[in-house]
Amino acid sequence: VLKGNAACIVHATGDSTFLGKIAQGIKSSRVKSTLEYQIEHFIHIIAVVAIIVGALSLVANLMSPIKRSAAEVLQNSAAALFAQVPEGLLPTVTISLMIASEQMAKKYVLVRKIDAVETLGCVSVFCSDKTGTLTKGEMTVQDLAVPLPGGPAEGLKVYNREPGANVFTIKEENMLGDVALCGILNNAANFRIENGAEAFTGSPTEVAILRACVQVHGGPGAVRNIKSKLENDNVFEIPFNSENKWMLTIHGQPSRSHMFAVLKGAPDRVLKFCTVAKDGAAMAQIETTMSDLMSQARRVLCIAKRSLGPSEIPDGAKFEGTGPDDCNFPMKDFEFVGLYGIEDPPKEGVAEAVVKAQKAGVKVVMVTGDHPDTARAIAGRINILKDSYDDEGEQLQGYAEFAVITGAMLESRVPKSDNFTDDEPDELVQWWKKATQHTRVFARVSPIHKQVIVQAYQKYGYGGIGDVCAMTGDGVNDAPALKQAEVGVAMGIRGTEVAKDAADIVLQDDNFASIVDGIEQGRLSSENLQKSIMYTLCSKIPQVAPTFGELFGLPQALTVAQVLLIDIGTDIWTAIAYALQTAESKLMERRPRHPVKEKLVNGKVLLYSYGYIGQLQMLCCWAAFFYAAPGILSLYRSGKSPNDYSKEDELTDTQGMSVYYWTLVLGQIAAAISTTTKMQSVFGCCGVPYGLPNTMLNYMFIGEVVLGIVAIYFGPMQVWFDTASLPLSSILLPIAAFVFICLVEEIRKLICRMCFDDGQSSGVDAVSGGRNKPKVPVAALKLGPWSCFCLWDKPQAS
């Protein structure tokens, strides 16, 4: 309550009130984030793999020609089981998200719930407010439209600000007298004198109208002069609210038995109280002028007035009422005074940010309370809406009706319960499927509609799977929608504390361009986490292979201690260093990874780690074991049982294990370099080189080499980890494994780029004026069933 008098009846208190229900909704536990689902899915996979490997290792140890005690058998089996678990997962996830949060904070995106970072990278639909987020929130009246002397039926005269001068061109002052006077009297903005000048505070819309009217009505001092006159005293007021969408003030002196009312608000709400509503010609002229203004992205407000005679003034001038149904004075026959054309220009960089989001496969949807025509014009200026539509859209019958949807259209299409269910009528389901696929602007919507829009995208979006939705909001009433969305984004400047409490992320500068940067950082965090897991899993195959090699009479190639040295001594720290990895060149040119359709750890990741890099590492380790280790091949051909080894044979086997360990260390460095990118060449093979930009990761490579050399040549570590000194040739020959793995991976990436590059830029299509055109998945055409070799980046229809 800002001002005025009211008689209140209490019908509910505490949690029973509407605000209480919102507060309870905010306090309720949030559903699991996409990251929690991904990690849980990964843990289930690893648990199954680890149990199977542990069981097979137990069988292999029991059947091994090497006689071991029961304790040793259990030790080896347990080591094989635990070796399958990526020990660095927890710190990698935490540190990766912390780093991403820190980077996002530098871009004015404050993360309140740390797991929202990864979810933001998966967002496929971003529903954004218009005012203050996509636009500057700095309202300016650019146009004043008033009826010609013959009345509205003859037309309206539109006065514009002079270009560059920021003042109105006024040749007929009397023409603008009424619209300026009414705009000053019917205004909720406050004014005060600061340093001899008038300062205005309040709603940006009200301040904009007041500034323009003061400018027309004589400049500084106009507000004080006009409001100081007795005939202009404000005796009653109905403030603006989202239900009425208008504001009414009554002015005058009751003692003179003559007063007048001023009504200002949304044109469709104000005009129905005016006499022009019955005049078709006048309404046609007014609507034409409104359409012209709205096509220029103007927000249009209408203002009207009427005189109140002695018989229309209640006894004692005690005016009452909150709307047309309960007022004790007439709410009809108002005289149309004019229109205000208010501009809220888009923020700098928003149009480019929208295109960037669209290139990344994110649908940007404007959700606003403004008139559809105004919303359409602004959406066109910032690339949300375009004149030409994609081929799929053109083929849809009645597509145009889904370009912009109004709140009135939503009223009959909200779910009967709190959310959409599988029992919704087929007609409603089909309508929402088309809306979620093609609508880019929701206009004249209320905060309650926001939650319904989010629920619809989550239920019917992304081809029926459900979109991952982000929603912005700033008011208390926006809290349910912020809570409903996978990522709720509150405004840091204009947002209420309730909205901030309900949100996962706070946009400190209220700028849409900042959240697009946040999406990129979220994707990078998710990518780095996936690459870290890929790297960690690569060594699991060559680690467990020696256990089963013993069944074929092969000398022991790796001990439990050496496995732990690789997993805990080097891999865990290298995996954590992935959190600092920079983005690949086309990270924001891919569609977002849908957590249902494409898990963080999926078949392609397992194929890459276990069936590709892991196999290459195992091949190289066995090759080095037999051909780089001195005497191993002869020992194997001798057919001796490990139980019959002489001391010389034991030394030979220990040197063989040292070579296997050293080759695996180099193979893991090659795997780490290979997994830093999915498609981009690391070394510049037929493309722009990604290089080795992660300094921390480079230090880990050096650390792995140093630790490996120390483990082989340092006496105490030889005892602890069953290693032995090697000749120089045994140290240098395994480097070929490093080169081989890197070379094969560069060839794979080259094939990927050839398959998925159609020869054109993957950026914005010039003909469509910025509309995102996903690339054709030509890999399937070029490689047929072998297209899985490309592993990533096959475009998916949303």
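Descriptive notes on the structure:
- In this simple spin-label approximation, Ile66 and Ala736 carry label points 7 Å from Cα along the Cα→Cβ vector, and these lie 2.6 nm apart.
- Mean separation of Cα contacts under 8 Å (6+ apart) over length of segment 1-125, as relative contact order %: 23
- Stretching the chain fully between Asn328 and Met754 yields a gain of 145.7 nm (0.36 nm per residue, less the alpha carbon separation).
- The chain - accessible surface per residue (Å², probe 1.4 Å): 44
- If you take all other residues with their beta carbon under 12 Å from the beta carbon of Leu564, and give Lys and Arg +1 and Asp and Glu -1, the sum is -4.
- A full extension of the chain between Gln75 and Tyr627 corresponds to an added length of 195.8 nm, given 0.36 nm per residue minus the alpha carbon distance.
- Whether segment 479-523 is rounded, prolate or oblate, judged on the alpha carbon gyration tensor where a/c under 1.5 counts as rounded: oblate
- Among 289-295, 378-384, the order from most to least packed when residues are scored by Cβ within 10 Å on average: 378-384, 289-295
- For the chain, the relative contact order comes to 15 percent (Cα pairs under 8 Å, sequence separation of at least 6).
- With R₀ set to 30 Å, the beta-carbon distance separating Val414 from Arg269 gives a calculated FRET efficiency near 0.85.
- Gain on full stretching of the segment that runs from Ile493 to Glu352 - 0.36 nm per residue minus C-alpha separation: 48.5 nm
- Percentage relative contact order, segment 622-704, counting C-alpha pairs under 8 Å, at least six apart: 22
- Exposure check, 1.4 Å probe, all protein chains in place: Ile735 carries approximately 70 Å² of accessible surface.
- Two-site FRET efficiency, Val710 against Glu40, from Cβ-Cβ distance with R₀ of 30 Å, rounded to 0.05: 0.20
- Charge dipole (segment 45-115, unit charges on Cβ, about Cα centre) - positive-most of Ala83, Ser101, Ala71: Ser101
- Kirkwood-type radius of the chain, with distances r between different C-alpha atoms, in Å: 31.1
- Links that overshoot a 19 Å alpha carbon limit, given the list Lys113/Lys483; Lys229/Lys264; Lys586/Lys678: Lys229/Lys264
- Between the C-alpha center of segment 173-195 and that of segment 417-463 there is a gap of 42 Å.
- Of the accessible area of the chain, computed with a 1.4 Å probe over protein heavy atoms only, carbon and sulfur atoms account for 58 percent.
- In terms of packing, defined here as the mean over residues of other Cβ atoms within 10 angstrom, the peptides 424-432, 507-515, 244-252 line up highest first as 507-515, 244-252, 424-432.
- Computed E for Ile193/Ser295 - FRET, C-beta separation, R0 30 angstrom, nearest 0.05: 0.15
The values are calculated or read from the model by the stated rules, or taken from the named source; none is laboratory data. Since this is a predicted model, take the numbers as computed values, not measurements. Note that each Cβ is placed from the backbone with ideal geometry, even for glycine, and that neighbours are counted across all protein chains shown. Just the protein is used for accessible areas: all its heavy atoms, side chains included, with ligands, DNA and RNA removed. Shrake-Rupley method; radii C 1.70, N 1.55, O 1.52, S 1.80 Å.
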